[in-house]
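For reference, the structure is listed below as C-alpha cells.
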Amino acid sequence: MDPQPNISLHPLADQPAVSYVMPVLNEEGYLERAVQTILAQDYDGEKEIVLALGPSRDRSTEIARGIAATDRRVRLVDNPDRDIPAGLNRAIAASVHPVIIRVDAHSELTPDYTRRGVAALRETGAANVGGVMRAAGSSPVQRAIARGYNSPFGLGGGAYHGDGSPGPAESAYLGIFRREAIDAVGGYDPGILRGEDWELNLRIRRAGFSVWFEPALGVTYWPRASFRDLAKQFFATGTWRAVLVRKYGRANPWRFFAPGTLVVALVASLLVLALLVTTVLPWGWWALGLAPLGGYALGIAFAVWRIPEQRGALDRLLTAVALVTMHTSWGTGFLRGIVFGGGRVVDRSRA
C-alpha cells in the first residue's frame, strides 16, 4: 500500500476529525438507520454529520430535525436544488473537518468503516479511498435487484461492485476524501446530475492525486424495491453516463458503451424480424434477425445460472427481469444522452 500522488497532501493526524456528508431526499424508510450506523462507528476521532435536506415529500425532513435535536454532532443544511451534487457541495461547505466521508441515505456503514478508511488514507497518501458496495434487499424483487448490483453480469467491471485486491482505482463508491483534494478540484460538478462520483474522481486523478480501492471497507446499499423505479434510476444513469462520454471521451472505459450497443442490436433484431413477418426474404435473414435476441437470451440464462443466492424458479425469474431492466434502461438512457445530452433528465425513483 504505497502509491504516491504527484501532488503531496499534508500529513494526517493519527485520528483526524471527520465530516460525514449526506444528501437526503424522500428517505424516511432509511435515513434514521443510515445515521445510526455513522454514530456507531468505532472511531475515536471527532465526528460531525451534515445532512443536506432536499424538498422531500415524505417525513425525511421531520426525521432529520428530530435527529439533530437530540445529537449536537448532526447539523442540517437546505438543498433547494434537490440534486445530489449540489447537496453534497452545500454539506461540504458547511462542514469543517479535514476528512470528508460521503454517505448515502440508502447505505449502512460497517462499524470499522471510518477507522479502516482513515488508516488507508494515511498509509497510501491517497486523496480518496473507497470500498465495496454490497447491495441487500428485504423483498423478493429488491433481493433480485441486489443480486444484479452485486454481480458483474448486472453492473459490469467497477471494482467496488465486488471483492478484489487493494490498489489504485478509477473511481470509488461514496468515498473517504482529503478535504484538500476536494478543494483543489472545486468539489462536485453541479451540472452532472448522475455519475458525479466518477466525474469527481477523474478530476482528482487528473490533478495528480490518487484514488485507492480498499476491499476491507464495506457498505450495505439498499437498492430500489420495484422494477419500475429501477428502470427510472438506470435510464437517468445511462443518460448522464452519455453526457460524461460526450465531455470526456476516451477517459470513459469501454464497458460504458456496452448497454447502448446492446439496445441498438436488439432494436435492429426486432425490426428485421418484423420485416420477415411481412415480407418474403431469404432464410438467411432469419438468422440475422434472431442472432442478437437469441444471443442475449442465452447470455441472461447463463448469468442467472451463475449468480448465487437464488432459491427456486421465482428467484431466477426475478433475477432475469432485474438484469434485463438494468441493461435496457441504462442502454436506452445512454442513447438518449448521446443524441440529446442530459437536459433535465433526473432520477425521480425516490420521489
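The values are calculated or read from the model by the stated rules, or taken from the named source; none is laboratory data. Since the model is a prediction, treat every value here as computed from it, not as a measurement. Positions of Cβ are backbone-derived with ideal geometry, glycine not excepted, and every protein chain shown enters the neighbour counts. The accessibility values were calculated without ligands, DNA or RNA, using every heavy atom of the protein model including side chains. Shrake-Rupley method; radii C 1.70, N 1.55, O 1.52, S 1.80 Å.
Is one or more of the residues making up the range 100-108 at pLDDT 95 or above and more than 20 Å from LEU31 (Cβ to Cβ)?
Step one: list which residues in the range 100-108 are at pLDDT 95 or above, which gives 100-103.
With more than 20 Å from LEU31 (Cβ to Cβ) added as a condition, the list becomes none.
Scanning the range 100-108, I find no residue that is at pLDDT 95 or above and more than 20 Å from LEU31 (Cβ to Cβ), so the answer is no.
Say whether the condition of being in contact (Cβ under 8 Å) with a residue 60 or more places away in the chain, among the aromatic types (Phe, Trp, Tyr) and either open to solvent by less than 80 Å² (accessible area, probe 1.4 Å) or in a loop (DSSP other than H, G, I, E, B) (or both) is met by at least one residue in the range 296-317.
no
How do the pairs read when you match residues in the range 111-136 that are buried (at least 18 other Cβ atoms within 10 Å of the Cβ) with residues anywhere that are of a type in the set (D, E, K, R), using Cβ under 6 Å and keeping only pairs 6 or more apart or on different chains?
What qualifies is ALA120/GLU214; ALA127/ARG178; VAL129/GLU214; GLY131/GLU214.
For the range 97-119, give me each residue that is over 19 Å from LEU9 (Cβ atoms), assigned to a helix (DSSP H, G or I) and under 20 Å from the mean Cα position of the chain (by Cα).
Result: TYR113, single match.
How about the range 175-288: which helices (runs of 4 or more DSSP H) wholly inside it have at least 3 residues that are open to solvent by 40 Å² or more (accessible area, probe 1.4 Å) and within 21 Å of GLY87 (Cα to Cα)? Give the derivation first.
On the way: elements: 179-185, 196-206, 227-248, 258-278.
Of the helices (runs of 4 or more DSSP H) lying wholly inside the range 175-288, those with at least 3 residues that are open to solvent by 40 Å² or more (accessible area, probe 1.4 Å) and within 21 Å of GLY87 (Cα to Cα) span 179-185.
State yes or no: is ARG33 part of a helix (DSSP H, G or I) and buried (at least 17 other Cβ atoms within 10 Å of the Cβ)?
Details: part of a helix (DSSP H, G or I): yes; buried (at least 17 other Cβ atoms within 10 Å of the Cβ): no.
So ARG33 does not fit the description; no.
List the pairs whose first member sits in the range 1-24 and is under 11 Å from ALA126 (Cα atoms), whose second member is β-branched (Val, Ile, Thr) and at pLDDT below 95, and whose Cβ atoms are under 6 Å apart, counting only residues at least 6 apart or on separate chains?
The qualifying pairs are MET1/THR124; PRO3/THR124.
Within the range 53-96, track down each residue that is in a loop (DSSP other than H, G, I, E, B) and open to solvent by less than 60 Å² (accessible area, probe 1.4 Å).
GLY54, SER56, ASP58, ASP71, ASN79, ARG82, ASP83, SER95, listed by residue number.
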